[in-house]
Each structure stands twice: as C-alpha cells, then as structure tokens.
1. For the range A:28-55: of the residues being under 13 Å from the mean Cα position of the chain (by Cα) and within 14 Å of chain B (Cβ to nearest Cβ), which is most open to solvent (accessible area, probe 1.4 Å)?
2. All but one of (1) under 23 Å from A:ARG65 (Cβ atoms); (2) within 39 Å of the chain's Cα centre (by Cα) hold for B:SER42; which doesn't?
3. Against the conditions (1) more than 14 Å from every other protein chain (Cβ to nearest Cβ); (2) part of a helix (DSSP H, G or I); (3) farther than 21 Å from B:ASN160 by Cβ, where does B:GLY22 fall short? Just the number, please.
4. Conditions first: (1) of a type outside the set (A, V, I, L, M, F, W, C); (2) surrounded by fewer than 14 Cβ atoms within 10 Å (Cβ to Cβ); (3) in the same structural domain as B:PHE75 (by TED's automatic domain parsing). B:LYS167 passes all but one, so which condition is the exception?
5. What are the pairs with Cβ atoms under 7 angstrom where one residue, in the range B:32-46, is at the interface with chain A (Cβ under 7 Å from one of its Cβ atoms) and the other, located anywhere, is part of a helix (DSSP H, G or I) and β-branched (Val, Ile, Thr)? Sequence gap at least six, or different chains.
6. Determine which single condition A:ALA88 fails, assuming it passes every other condition in (1) under 18 Å from A:SER28 (Cα atoms); (2) buried (at least 18 other Cβ atoms within 10 Å of the Cβ).
7. Hey, any hits in the range A:97-108 for a residue that's more than 13 Å from chain B (Cβ to nearest Cβ) and crowded, with 17+ Cβ neighbours inside 10 Å?
8. Does B:LEU129 satisfy the condition of being surrounded by 14 or more Cβ atoms within 10 Å (Cβ to Cβ), under 40 Å from the mean Cα position of the chain (by Cα) and either closer than 30 Å to A:SER28 by Cα or modelled with pLDDT of 90 or more (or both)?
Amino acid sequence: MESVNQYYTATLTDSVIQVQYRQISHISIRDARTIVVDRIRYFQDRQFPVLIKRAKIKSIDKTARDFLFDTQFGLKNIKAIAFIEFSAVDQILLKFIFHQHTPRIPHRTFRNENDALAWLYLYR
Amino acid sequence: MSVPRDQRIDAINHVLLEIAEGNFQHLAPVSDNFDEIDAIASGINMLSEELRDTVISRNYLNSVLRGIVDMLIIFDKNFKMKQVNHKVCELLEQSESYFVNQPINILFDGRKARFIKELKENVRNNEHLYNIETSFKMPRSGKLPVALSLSTLRINRAINGYVLIAKYLKQILLTSYALLQRNEELKSLIYRVSHDLKGPLASMLGLFQVIEQTEIDHQDLQYYVSLIKQSADKLNTTLTGLLEIGITDRTKIDVQKFDIAQVISDIIDSFANYPNRDQVKVTLEADSPVMFTSSEKLFRSILQNLVENGIKYYNPRNDTSFLRISAKNARGGIDLVVKDNGEGMDKTVLDRAFDMFFRGNQSSAGSGLGLFIVKTNVEKLGGDLKVKSKPKEGTEVRIYLPSLDKF
C-alpha cells in the first residue's frame, strides 16, 4: 500500500507507515495541512506507528510545527513516531521540536532505520 | 557555488544582533550542506520565531494589564509574583522589579503570616475567593486597605499559578461618595428645573386666563402682555442656562490662542444695554494684547457670567458702583480678578453660591446657574477659583487658568 504526493512517498509495510520526504527545503502551514489531509484521506481512520525517514528539510514554520505535532491534527491516528536523524540540521530541528512542541504520543529519534523499526513494532 | 564559511557565520551573527534588538524578521541562511553551521542557523531561526510570539504575547498582555484599573498580580504555583500591573506599582510606590519573583508575603505586614497561609489553603480548596478585606503594607509606612479576589490558574487541571485582583477600598469609597453627590445634584436639578419652569409657566397660563375671561381695555392688555413677557424672559433665562450647562458638559474642549483683553472688552461692550449698566463703572486692567491658549468659548462664558453678576447685583446705596476686571499672564497661565463693590454675600450664601440653581434670595432675578457655570468651566479648563465676599461691601473672584498650549 503506497501513497504518493508532491511532498512524500508513504508506504504501509508490516503495519508501520514509512514516510520518505522529497527534497523540500521549507514546510509552511499550507504544506503541513496538505501533508496531513492526504495522509488521513489515504490511510483513513486506521491507526499506525509512523517512521519518518531521511528528510532534507531546512526549516518548518512555527505554525506548521504547532500543527504537525498536535494530536488533533498532524499526529492524528499516529500511535508512535520515530525520526531518522541524518544531518546536524535534523538533530537541531528535532531536538527543538521535541522540546517546544512535545508530541503527546511516544516519540524518538534514531540514527538507523532498523533500530527505529524495532522500536515502532512495539506500538503496532 | 557554496558560500564561504566566514560569510555564513557573519550572516548568523547579523541575525543574532537583530534578534537582540527585538527584530525578528530576519532569518539565518541555511545552505544545502546540512552541516553544523546550518544546524545552528536552523536553531536560531526557530528560536527567533518562538521569541517573536512570546514578545507579541507579552506586549499584548502588558497592554491589557495597563488597561486594568484595579491592582492585578499573577503568581506562579509557589505564590511567587511573576507579573504586576502598573496600578500595583503606583499605589504601593515601588517599581515592577521590586515585586517580580518575590513571595506573596512581601505585600503584607509581617503579622499576617497566618492570614497568608489560610489564603493559600482556601484558594487551593475553593478555586476562587472573593472580596476579602485586608490591607497591603506600604513600603515606608502605613497600610493600603484593599479587597482581594484570588483565583487559581490551571493547565490540564493542575494548578499552574494564581491571579489576584485587589481593589483599593478608599478609591471605592471615594467613587461611591462622588456617585452619591452626583445623584443628589441630579435630584436637585430635576426639582429645580421643574420648579423654575413651572413658576413662570403657571403665571403665564393665569394671565392668559384673565385675558380670555375678562373684558379688558387696550391699556390693561398691554399691562398683562408685559407681565407675560416677564415670565417668558424668566423661562428663557433658565433654559439658556440649562442649555449652556449641557453644551459645556458634552462638548470637547476646543483650544485656540486668543487675546483675552480683547475678549473681555467685547464682553463688557455686549452689556451696553443691560439694565442698570450705567450705574456701574466697569474697568479692565490688562496689557494689550494678553495672548492665552485655552477654550475661548468657555472663557467667554466665565467672564459673561461674572460681568453680568457684577452689574446685576450692584449696590444702589453706593455713590459709585464699580466692577474692576484685571487679567495678566502668570504661572504659565493667566490670573484673572473680578472685583465689585456690590451687594456681596454672607458666609451662608457664599458657601452655596456655586451650587446649581442656588439663588441668594427668593427675589433674585437670576437663574441660579451663573456661578455654577463659572465653576464648571474653570474646572473643565483645569483652573482654580477663589471667592471673597462681604455683605454690602462686595465680591472678589480670583481665577487662575493654565495655558492649554500642550493640550
């Protein structure tokens, strides 16, 4: 099962949604809304853990951050979320987001995909 | 081509300095390298956004706090003050920094430890406490009587802080007293207006009845018409006075620069045909011009009423009756003296002379509004007024009006 749009490719494998972002340098609130609406429309009301793979994102607006990490919106139907840290920028972005917009679901960052998936399987 | 490292660091430094100045519009550039410098730039950009929101919220909160007329204090969950509004600083005569991060106890006398403990317990148990009368400690000496209302602030049901509103009791008492006074004035106004309008009206109606029901010759008719005219004049005087009060009360002060010597001369001239004007020698002592910035309209009204009183209440037993007006620039405004040797007033009359509708005696032809209008206008122009008077010796009115050039 695979969902593709201008921002990402999302595949459902072993009951975990794996998201690979395209090269987007900036995410605005408008982008964030499209990302979330598309995901919910495609996977409907089913709940899954989510893995966000390597993403070359330079910045995310504050309003977009608020939206993406709110359980009513961006985190809706997500049981747990894991991120793969690829660069120093990822590290800063995620540290900041986890501090300021702390997701109210299980959340972690990983250096490699296998460790992330092993952790997410706990929430299937 | 990638940007040299030094230039990227310079750009970040520039953004940091802008943030320090409170300017959150600039963003640090993030390159495609995704290296440590980009990471720092990214972090600074997010921090800048968060700070901007915090500053906007704080500025908004401060503007709201400034608008609150009561004292308002926000505490954290440990009853340490996190924010106080301007009123707290004003009434307790301390700067904001004196209060911030201090415990609630510094607001009270040292002997109130038990009261504070109970206050904390009660608000935790009851969420809200209303109108608890107590007093704050003044920094140097004395107490500030207050009525406290205290409520909890909660986030996700857990107590995160407290908000305290303190009303200054003396201010409440003064406001209530002022309100009572205004009510009394209003009652008096209604009574006097009814009385003053009804008297001449009843008299006119009676005269019309006489004319209707009696066969009268032309000479008598003329006599009755003259009586009706007297009543109509009285009605007119009362209504004109009331209208003037209404206009003074409602209109915005329209400030302009004018020559008061010229205005006073005009007013004196306008009384040329006033009854008994020729019995009173009216003089003006003033440099010409005496330029002054104020409301010419209200100033005219003040002088008009004082000159009218000076002529109307002249003392016919005097060989020479006078009304002397002097005006000079002084103390950033003008000093105005209006002195006559007319009938004067005794202390009982003087005490009430500026009350609305007060007349010195029942036979007085005035509306009882003249001096009330003078007082109201002087107050409206930010001035002050003093009166000395003795029966059969005369009256002296001293008025100071500030210049309103910075109005």
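1. A:ARG54
2. (2)
3. Only one criterion is unmet by B:GLY22, namely (2).
4. Among (1) of a type outside the set (A, V, I, L, M, F, W, C); (2) surrounded by fewer than 14 Cβ atoms within 10 Å (Cβ to Cβ); (3) in the same structural domain as B:PHE75 (by TED's automatic domain parsing), B:LYS167 violates only (2).
5. Note: pairs meeting the criteria are B:PHE34/A:VAL89; B:ASP38/A:VAL89; B:ALA39/A:VAL89; B:ALA39/A:ILE92; B:SER42/A:VAL89; B:SER42/A:ILE92; B:GLY43/A:ILE92.
6. Among (1) under 18 Å from A:SER28 (Cα atoms); (2) buried (at least 18 other Cβ atoms within 10 Å of the Cβ), A:ALA88 violates only (1).
7. Yes; the residues of the range A:97-108 include at least one that is more than 13 Å from chain B (Cβ to nearest Cβ) and crowded, with 17+ Cβ neighbours inside 10 Å.
8. Spelling it out, B:LEU129 is indeed surrounded by 14 or more Cβ atoms within 10 Å (Cβ to Cβ), under 40 Å from the mean Cα position of the chain (by Cα) and either closer than 30 Å to A:SER28 by Cα or modelled with pLDDT of 90 or more (or both).
The values are calculated or read from the model by the stated rules, or taken from the named source; none is laboratory data. These numbers were taken from a predicted model, which means no experiment stands behind them. Glycine gets a Cβ as well: all are built from the backbone with ideal geometry, and neighbour counts include every protein chain shown. The area values use the complete protein model at the heavy-atom level, side chains included, leaving out ligands, DNA and RNA. Shrake-Rupley method; radii C 1.70, N 1.55, O 1.52, S 1.80 Å.
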